[in-house]
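Where a number appears in this text, it was derived from the coordinates with a stated rule and is not lab data. Small disclaimer: the values here were computed from a predicted structure and weren't measured. Cβ: placed from backbone, ideal geometry, glycine included. Neighbour counts: every protein chain shown.
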Amino acid sequence: MKQVIHKIMSFVMAVVVLCSTMSFTIDMHYCGDALVDSAIFHKAATCGMEMENSLNDGCSTSKKNCCNNEKLIVKGQDELQFSIAKIAFEQQVFIASFVYTYSSPFTSSDKSVTFYKDYKPPLVIRQIYKIDETYLI
């Protein structure tokens, strides 16, 4: 049982470390006020209505572009500092109880439990099924 709890706690800690140290970028493309596309780890697809700034015969026209791109950068931690002393005793008890409670349904029992093995069946004094039988002649 302790091995199972140890494996579960190791897995949970690995997931926490992975999620807290991972950095990623969310790229979003808006056309007007509507979100057209969002993407994680790569550039978002555009709606195809971007305006190009071009010069026509030396005259430049400036129109407001209705599309814009936004990037949301989520930075992970660079340094990990974890100390069990920072967690209060009540929180440690809660974590241990939580892991034990939710890991026990996934463990298998090797022995089969029979509750009736110490009890003997009652002695048969009369054959009750023959007492209640009726015959039509």
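Under the simplified labelling scheme, the Met22-Gln77 pair shows an inter-label distance of 1.6 nm, with each label point 7 Å from Cα along Cα→Cβ.
Once both labels are positioned 7 Å from their Cα atoms along Cα-to-Cβ, the gap between Lys111 and Asp33 label points is 7.0 nm.
By the count of other C-beta atoms within 10 Å, a proxy for reagent exposure, Ser23, Ser103, Ser112 are ordered fewest to most as Ser112, Ser23, Ser103. Amide H to amide H, with H built 1.01 Å from N, Asp37 comes under 5 Å of His29, counting only residues 5 or more places away or on other chains.
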